[in-house]
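Engineer: Have a look at the structure that comes next, please.
Throughout, read-outs are computed from the coordinates displayed, never taken from laboratory work. Since the structure is predicted, the reported quantities are computational estimates derived from the model, not experimental observations. For neighbour counting, all protein chains shown are included, and Cβ atoms are generated from backbone atoms with ideal geometry for every residue, glycine included.
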Amino acid sequence: MRINIEKSTAKGVIKAPPSKSDAHRLLICAGLANGKSTVHNIALSEDISATIDCLRSLGAKIEIFGDSVTVEGITAFDSERFLDCRESGSTLRFFIPICMLSKDKTQLVGSERLFSRPLDVYQKMCERQKLTFEQNGASVTVAGRLKSGEYSVNGNISSQFISGLLFALPMLDGDSIIRIIPPVESRPYIEMTLNTLRKFNVSCEWQDSETLFIKGGQRYCPQNVTAEGDWSNAAFLDGFGIIGSFVTATGLYTDSLQGDKIYKEYFKSIKDGTPTLDITNCPDLGPVLMALAAANNGAVLTGTKRLKIKESDRGEAMKEELSKFNVSVTVNEDEIIVGCGLSKPTQVLCSHNDHRIVMSLALLLTLTGGSIDGAEAVKKSFPDFFETIRKLGIVWSEG
């Protein structure tokens, strides 16, 4: 789908979409609970729909009423299953340990790009425990019951592996320990998982800054809960305010554990000068920070190495697209240097099939005008993004 955006100014107050990160966690905990839970403020993005479908494949009974989802938890894990994770890295990494609560075989499938992202943590875990882990193209098959005990996980790959273990280990008979090998990146998202577990009466505690203790034999209790507003996607709305528009995103919890809430501080730094910004704990902000820096005075981003293993190689993708605006970008191993001085692009922009690339480029096109191919990628996290910015006054057409 090609979207053509005209030079236009956004103005208004808009509610932030529901948090995808929070919704994944709440729905999974509801699916593991013995009884019926209700999760409110859910947006059926592609990623959240993937998590719902995987819960259904495991035996959860789910009904959707508007933006509320009722979940009757999984009663038995014993049978062979097939889970389609689509393009959702969170879904895949969260569900692999959950599937291994059963000894029976489970096949998890998804897009080729999804399975190009690393799963080494789980592969090595299964080798140590003599469990089945067979990756074949865009699928992985696991079998054998996960064992309680001690786990070591590198903290600089993805916190999603740690969260996946945190969902499953409390349900095993014995106690477990997760030792995180520093540096621990994306710690806020580990804290989000721990906070969600507590809401469902499951306790996992830090013994020190790199060690988690998980009591075995716990059971999830059904709850009535509400997903927070999404700081990650709110950044694409509040970002208009850094390029001359007047938008306020509401519905965000100031005490949220979402790591991306730091965007407000980073946006101010971009507006005020040419900052150096560390995105180690908030890599999803990388594309929008690059876009806004290009529209202001440039910036240096550090802690960028994990941008390579997102939905696209986000550093290189933004470099390619910003070059069409005549903005220079240098991508180093763990640093990105962004220039400034936008010109109207003379070529159609490419989405790289990445929702955050699309939304970042859309912000810039409101300054210059232009077109994006593959704009449907926003369905992954913010399916009504373009309708939302139209309500704010941005003029665009399809085709």
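Engineer: Could you give the size of the charge dipole of the chain about its Cα centre, using +1 on the Cβ of each K and R and -1 on the Cβ of each D and E, expressed in debye and rounded to the nearest 20?
Structural biologist: For the chain, the charge dipole is close to 260 debye.
Engineer: Just grab the label-to-label distance for Lys36 and Ile181, each label 7 Å out from Cα along the Cβ direction, in nm (one decimal).
Structural biologist: Using points 7 Å along Cα→Cβ, the separation is 4.7 nm.
Engineer: Going by how many other beta carbons lie within 10 Å of each one, how would you line up Lys310, Lys305, fewest first? Please list the in-between numbers first.
Structural biologist: Numbers: Lys310 21, Lys305 16.
Ordered by Cβ neighbours within 10 Å, fewest first: Lys305, Lys310.
Engineer: Take Glu46, Glu205 and order them by how many other Cβ atoms sit within 10 Å, fewest up front.
Structural biologist: Ordered by Cβ neighbours within 10 Å, fewest first: Glu205, Glu46.
Engineer: Here is a follow-up. For the Cα atoms of the chain, what angle does the longest principal axis make with the long axis of helix 355-368, in degrees from 0 to 90, nearest 10?
Structural biologist: 10 degrees
Engineer: Here's something else I'd like to know. Select from region 67-125 those GluC sites (Glu not before Pro) which occupy a DSSP coil region and have at most 13 other Cβ atoms within 10 Å, ordered by residue number. Please list the in-between numbers first.
Structural biologist: On the way: sites: Glu72, Glu80, Glu87, Glu112; in loops: Glu80, Glu87.
Counting only loop positions with at most 13 other Cβ atoms within 10 Å, the GluC sites (Glu not before Pro) in region 67-125 are Glu80.
Engineer: Taking only Cα atoms, what is the 0 to 90° angle, nearest 10, from helix 120-129's long axis to the longest principal axis of the chain?
Structural biologist: Helix 120-129 and the main axis of the chain meet at about 10 degrees.
Engineer: Quick check on the exposure proxy: order His355, His24, His40 from fewest to most C-beta atoms within 10 angstrom.
Structural biologist: Placing the least packed residue first, the sequence is His40, His24, His355.
Engineer: Take Glu6 and Glu112, extend 7 Å from each Cα along the Cα→Cβ direction, and tell me the distance between the two endpoints in nm.
Structural biologist: 3.9 nm
Engineer: Give me the number: length gained by fully extending Phe82 to Thr211, i.e. 0.36 nm times residue separation minus the C-alpha to C-alpha distance, one decimal in nm.
Structural biologist: Once the chain is fully extended between Phe82 and Thr211, it gains 43.1 nm.
Engineer: Related question: How much length is gained on full extension from Lys268 to Asn224, taking 0.36 nm per residue of separation minus their Cα-Cα distance?
Structural biologist: 12.2 nm
Engineer: For Lys15 paired with Arg390, estimate the spin-label separation in nm (one decimal), with each label point 7 Å from Cα along the Cα-to-Cβ line.
Structural biologist: Label at Lys15, label at Arg390, 2.0 nm between them.
Engineer: What relative contact order, as a whole-number percentage, does the chain give when Cα pairs under 8 Å and 6 or more residues apart are counted?
Structural biologist: 21 percent
Engineer: Determine the alpha carbon to alpha carbon distance for each of Lys20/Lys271; Lys130/Lys261; Lys20/Lys215 and list only those over 31 Å.
Structural biologist: Lys130/Lys261
Engineer: Considering only C-alpha atoms, what is the centroid distance from region 118-188 to region 311-356, in Å?
Structural biologist: That distance is 34 Å.
Engineer: So, one more: Looking at the square roots a ≥ b ≥ c of the eigenvalues of the Cα gyration tensor of region 20-214, which shape do they give, rounded for a/c under 1.5, prolate if a/b is larger than b/c, or oblate?
Structural biologist: Working: a/c = 1.37, a/b = 1.16, b/c = 1.18.
Taking the square roots of the gyration eigenvalues as a ≥ b ≥ c, region 20-214 is rounded.
Engineer: If you don't mind, another one. Going by a ≥ b ≥ c, the root eigenvalues of the Cα gyration tensor, does region 235-375 fall in the rounded group (a/c under 1.5), the prolate group (a/b larger than b/c) or the oblate group?
Structural biologist: Values: a/c = 1.37, a/b = 1.18, b/c = 1.17.
Verdict is rounded for region 235-375.
Engineer: Can you bin region 240-296 into rounded, prolate or oblate? Criterion: square roots of the alpha carbon gyration tensor eigenvalues sorted a ≥ b ≥ c, rounded for a/c under 1.5, prolate for a/b above b/c, oblate for the rest.
Structural biologist: Cα axes put region 240-296 in the oblate bin.
Engineer: Which of the trypsin sites (Lys or Arg not before Pro) found in region 2-107 are in a DSSP loop and have at most 15 neighbouring Cβ atoms, other than their own, within 10 Å?
Structural biologist: Sites meeting the loop and neighbour criteria: Lys7, Lys103.
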